[in-house]
Amino acid sequence: MNTHDDSLAGQFFTFLHELGHILRAETALDNADPCHHGRGGAEAWCNAFAAEALVPAADLRAHFVPVEAPAEEAKRLSARYQCSPLVILLRLRELQLIGSTGFNEVYGELELDVVDRAQAERATRSGGDFYRNLPYRSGERLSRAVIADVRGGDVSYTEAFRLLGLRSATQIDEYARHLGLS
């Protein structure tokens, strides 16, 4: 399954793959290695279903330009289909538009490039703001009432921690500041 670290394209693929399981009304575990070339089984069918939805075979055949540098062609096509060049390379091999000779080397090269770009992107993300998200989780009206009652002595800090999902008086003070209650 996807985590928050997966690309949007990866999340789409997983969603469609899981939808394939629902359509088949079955589940199975197979070899999860994307380079595994095995055929058959529910996993292979669901992978094929997701791949066809994201990178339709007829369209890929129409836009593929055979070149000596399959990595560059995969990068070009990845922009068209809004997916990883790795997905394109796997799809090209599956459709026998490129041969298996040298596939592993090209795949390895592209994989390193994709991983490097993903790590660079992750390093630039802020990760969100805990206190900005808290009113959506606890409810702003409840939060304001609990903080007012804690300050008025009507609710204990222990009860406020439980109600708001916080752990310290410092967190309550910081949350109050974010709510404009300071």
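The values are calculated or read from the model by the stated rules, or taken from the named source; none is laboratory data. Remember, predicted model here, so these are calculated numbers, not experimental data. Positions of Cβ are generated from backbone atoms using ideal geometry, with glycine treated the same way; all protein chains shown enter the neighbour counts. Ligands, DNA and RNA are stripped out before the accessible areas are found, and what is left, the full protein with its side chains, is counted by its heavy atoms. Shrake-Rupley method; radii C 1.70, N 1.55, O 1.52, S 1.80 Å.
In this simple spin-label approximation, residue 112 and residue 138 carry label points 7 Å from Cα along the Cα→Cβ vector, and these lie 4.9 nm apart. Net charge of the neighbourhood of residue 77, taken over other residues with C-beta under 12 Å away and scored Lys/Arg +1, Asp/Glu -1, is +2.
Rolling a 1.4 Å probe across the protein heavy atoms gives the chain an accessible surface of 64 Å² per residue.
What stretch of the chain, leaving out the sites themselves, is the longest with no GluC sites (Glu not before Pro) in a DSSP loop having at most 15 other Cβ atoms within 10 Å?
In the chain, the maximal stretch lacking such sites is 69-182.
Here the accessible area of the chain is 54 percent carbon and sulfur, with a 1.4 angstrom probe and all protein chains present. From its DSSP helices (H runs of at least four residues, each -39,500 (n - 2.57)), the chain gives a residue-normalised ellipticity at 222 nm of -21000 deg cm²/dmol. The longest stretch of the chain left intact once loop-based trypsin sites (Lys or Arg not before Pro) with at most 13 other Cβ atoms within 10 Å are removed from consideration, loops following DSSP, is 40-124. Here, the chain yields an orientationally averaged convex hull projection of 14.9 nm² when only Cα atoms define the hull.
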